[in-house]
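See below for the structure under consideration.
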Amino acid sequence: MKFEEIKIGDFKEVEIEVTDEMVRTFAKITGDNNPLHLDDEFAKKTIFKKRIAHGMLVASLISKVLGHDFPGAGTVYVSQSVNFRKPVYVGDKVKIHVEVKEKNEQKRRLYLITDVFDKDTKVISGEAEVYLPSE
């Protein structure tokens, strides 16, 4: 999407299932092999009662939306804040909500709300700054 076409209040929502394969691949890439994410028997004994996805894995899905869906190809991530509010379980389908909060025409920057929901529950609240270079 072209920077000039984007308005404050524009938004995009994308649903993504957090799969076992994603969790195991994320653990392998990062080295975060916490059994809470990988071991069903261990997770059963925790307050969560079953395996949860890595918080940073779920937060990283925001990057997929920014670079592919909205604003889209060419978007440069400048900053991201995240607040983990609730766990996401392996197999859950999350909804990533990206909304334009502010726009700086001169710097070609967008300031975005980047929240993640599991059903109707906000599991991550966040904000991002992105830069859209001219074409």
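Pairs are defined by a Cβ separation below 6 Å, a sequence spacing of at least 6 or placement on different chains, a first member in region 7-28 that is modelled with pLDDT of 95 or more, and a second member that is part of a loop (DSSP other than H, G, I, E, B) and of a type outside the set (Val, Ile, Thr); the pairs so defined are Lys12/Phe70; Val18/Ala53; Val18/Asp92; Val23/Ala53; Phe26/His54; Ala27/Asn33. Scanning region 1-55 for residues that are more than 30 Å from Lys107 (Cβ to Cβ), assigned to a loop (DSSP other than H, G, I, E, B) and among the aliphatic types (A, V, I, L, M) gives Val18, Ile47, Ala53. Selection of region 74-111 for residues being buried (at least 16 other Cβ atoms within 10 Å of the Cβ), within 23 Å of Glu17 (Cβ to Cβ) and of a type in the set (A, V, I, L, M, F, W, C) yields Val82, Val88, Val90, Val94, Ile96, Val98.
In region 2-35, the qualifying residues are those that are among the basic types (Lys, Arg) and farther than 29 Å from Gly74 by Cβ, and the one that is surrounded by the most Cβ atoms within 10 Å (Cβ to Cβ) is Arg24.
The values are calculated or read from the model by the stated rules, or taken from the named source; none is laboratory data. The model shown is predicted, which means the values in this text are computed figures rather than measured ones. Neighbour counts are summed over all protein chains in view; Cβ atoms, including those assigned to glycine, are modelled from backbone coordinates with ideal geometry.
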